[in-house]
Amino acid sequence: MKAFRHLIFFTLFGILFNTVISYAQSVKVTGEVAIPLELKLTDVAQMPQTTVIRKDKDGKDHSYSGVILATILQKAGVTLGKDLRGENLTKFISVEASDGYQVIFALAELDKDFTDRNIILASTIDGQPLPQGDGTFRIIVQDEKKPARCIKQVTGIKVAFAK
């Protein structure tokens, strides 16, 4: 009976701890930026929202809402639009998750002058907050065949030059 109580206690503690961590999370935008940012859920909610429909692992279409990644990069002073040429085309962003998982996007993949594809920092799915396992923020890539770059539990976005 004592072992059972310990099991219940640690299970509840784990759920509570993960919930607190999940909702306290922010995303840091760093690297080759004019204005480093630390965005919380309230900051992202005040930015223009976009919805992307994406099929998830369950095989069903889901409606993700969030901010177009280029909008966040513009707020950080990253070179986009008519100035994204020459050496600036060697820039990329590395998106990092809380577990260390990383994905890379060329800066041109995010710029509306180069693509019509929406890549968003999502904070809701089907009108609800993201599930606990997804974290507070998730990258959603519109129309990409594999979900490997739809990274969960996003904690950082770093802009860098390719060497």
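What follows draws every value from the coordinates through simple rules; no lab data is involved. The shown structure was predicted, so the numbers you read here are calculated from the model rather than taken from an experiment. Don't worry about glycine lacking a Cβ; one is built from the backbone with ideal geometry, like all the others, and counts go over all protein chains shown.
Here is how the numbers come out for the structure above:
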read-out: Amide H contacts under 5 Å for His62, placed H, 5+ residues apart; value: Arg54, Lys55, Asp56
read-out: HN-Hα J in Hz across the range 66-74 - Karplus 6.51, -1.76, 1.60, θ = phi - 60°, x for Gly and Pro; value: x, 9, 4, 4, 4, 5, 5, 5, 4
read-out: Crossing angle, helix 2-24 versus the chain [Cα axis fit, 0-90 degrees, rounded to tens]; value: 20 degrees
read-out: Of all DSSP beta bridges in the chain, antiparallel share, percent nearest 5; value: 90 percent
read-out: More than 19 angstrom apart: percent of Cα pairs within the range 45-107; value: 53 percent
read-out: Cross-link table Lys91/Lys163; Lys57/Lys152; Lys28/Lys75; Lys55/Lys91, entries beyond 18 Å C-alpha to C-alpha; value: Lys55/Lys91
read-out: Gaussian network model of the chain, Cα within-10 Å springs - most flexible of Asp83, Asp126, Asp143; value: Asp83
read-out: Residue order, fewest to most beta carbons within 10 Å, for Val103, Val78; value: Val103, Val78
read-out: Column: log10 I(q)/I(0), Debye, Cα scatterers of the chain, q = 0.10, 0.20 Å⁻¹; value: -0.40, -1.33
